[in-house]
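The values are calculated or read from the model by the stated rules, or taken from the named source; none is laboratory data. The shown structure was predicted, so the numbers you read here are calculated from the model rather than taken from an experiment. Every residue, glycine among them, receives a Cβ derived from its backbone with ideal geometry; neighbour counts consider all protein chains shown.
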Amino acid sequence: MNLPGTTIHKLIDNLTRSPFSFALYRLPWTDEPILVLQEEEDVEVLNSPAALNGKRGFVMTPFHQTEEYPAVLIRPDKVAHEWENISQSLEAFASSISFEFSSSFNSKEKRSTNAQEAKEKYEQVFSRFISSLEDNTFKKLVLSRNYTQALEGDFSPLTAFIRACNNYPRMMISLCHTPQTGTWIGSTPEIILSGQDTEWHTVALAGTMPMQGEIMPTEWSEKNQNEQAFVSEYIRQTVKRFGNKLKEKGPYTARAGQLVHLKTDFHFELKDTAHLGDIVQELHPTPAVCGLPKEEAYHFILNNEGYNRAYYTGIIGWLDPQGETTLYVNLRCMNITDKTATFYAGGGILPSSTVETEWEETQQKMNTMRNIL
């Protein structure tokens, strides 16, 4: 993807310092940027994924909804494809408002993370997670963490977005800003729900290994295979409650940046698209980002992980029950403030997991976003 002109650069970077809401995204294996812009300041706040039924717009929901981290829907007052049309839409919008953009990002400042303290904290939390797996309370748990580092003074959100587009053609790339959520940049390989009319698709994505140079490893450990099997079974049973004519492909090895995952595709038929929010609510959070049994694992994570995931492992993407929907799990992502970037990453923990291996997996996943700074 080529760099757009300086006018677009300035307008989009300025929007991340404004009370206006927008999303800029690019779908996998395309070169087409898409802008969704809300012209009024008050973004719609939702009380649950089920509230998405019948809605149209760009969705951003957290892992766990709170007053500080609400689910939001950016109303599509303007939708533009390709840089030329995006530029025209942005210039028309900028000329229609009388607003002086701030010189800093509209989100809370965070202090940089101490690397040694981060490792020690992770080891302590890992110990709690592995104990609950070893006593058979859970089949699987997902342990995540975040890490904050300083940004260079000339950091540009749009430049980072374009680097991600160029580095990760297989992923959905997003730059999303609302006053309620702050500014997030993400690069995710995991669909939670996509399709249109009667044809729909979701995936089970679990198990992780690093690339070996440009060679994709394909020999998967029993731990990774079990993790994939748990996630696939949950999604299989959930989809059967809503759709029919279910077809599966996988598991197979799929690349995502400098990592590979085990992936299974589920294609199914829906006769009614008026209740997509209900399907999303049942799927989210999948065992790929939570654990099994799902409800118990979800509450265990909230009580023991030691921090708020915010919009990491939430849902992000375009929703249109009368057209095409492309909703993803917000995985490789970072939250941008005026001076810092906070990265998020996690991994599935089974009784056979080791703390060093899991720590290294989170490091590799965070590098997806670090590499575009």
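Scanning segment 28-60 for residues that are under 20 Å from Asn335 (Cβ atoms) and touching a Pro at 6+ places or on another chain (Cβ under 6 Å) yields a total of 2. Provide a single number: the residues in segment 90-100 that are under 14 Å from Ile8 (Cα atoms) and either at pLDDT 95 or above or of a type in the set (Phe, Trp, Tyr) (or both). Residues that pass the stated criteria total 1.
Leu205 falls short on exactly one of the conditions (1) in contact with a His (Cβ under 7 Å, 6 or more places away or on another chain); (2) of a type in the set (A, V, I, L, M, F, W, C); (3) at pLDDT 95 or above; (4) under 16 Å from Lys365 (Cβ atoms), and that condition is (3). Restricted to segment 32-53, and to residues that are assigned to a loop (DSSP other than H, G, I, E, B) and at pLDDT 95 or above, which residue is nearest to the chain's Cα centre (by Cα)? Restricting to residues being assigned to a loop (DSSP other than H, G, I, E, B) and at pLDDT 95 or above, the top hit is Pro33.
So which residues in segment 70-85 are of a type outside the set (Val, Ile, Thr) and assigned to a strand (DSSP E or B)? Don't jump to the end; show me each part of the working.
Narrowing segment 70-85 to residues of a type outside the set (Val, Ile, Thr): 70-71, 73, 75-78, 80-85.
Residues satisfying the conditions are Ala71, Leu73, Lys78, Ala80, His81.
Scoring Ala274 on the criteria (1) modelled with pLDDT under 95; (2) within 23 Å of the chain's Cα centre (by Cα); (3) more than 15 Å from Leu331 (Cα to Cα); (4) of a type in the set (A, V, I, L, M, F, W, C) leaves a single failure, condition (2). When Leu350 is tested against (1) farther than 26 Å from Phe242 by Cα; (2) buried (at least 17 other Cβ atoms within 10 Å of the Cβ); (3) at pLDDT 95 or above, just one condition goes unmet, and that condition is (3).
When each of Asp278, Asp265, Asp272 is tested for being surrounded by fewer than 20 Cβ atoms within 10 Å (Cβ to Cβ) and in a strand (DSSP E or B), the lone residue that passes is Asp265.
Scoring Glu222 on the criteria (1) closer than 29 Å to Leu133 by Cα; (2) surrounded by 13 or more Cβ atoms within 10 Å (Cβ to Cβ) leaves a single failure, condition (2). Exactly one residue among Gln65, Gln88 is over 25 Å from His275 (Cβ atoms), not hydroxyl-bearing (Ser, Thr, Tyr) and not in a strand (DSSP E or B), and that residue is Gln88.
When Gln116 is tested against the conditions (1) touching a residue at least 40 places away in the same chain (Cβ under 8 Å); (2) part of a helix (DSSP H, G or I); (3) over 21 Å from His261 (Cβ atoms), the lone failure is (1).
For segment 230-252, residues that are assigned to a helix (DSSP H, G or I) and surrounded by fewer than 17 Cβ atoms within 10 Å (Cβ to Cβ) total 5.
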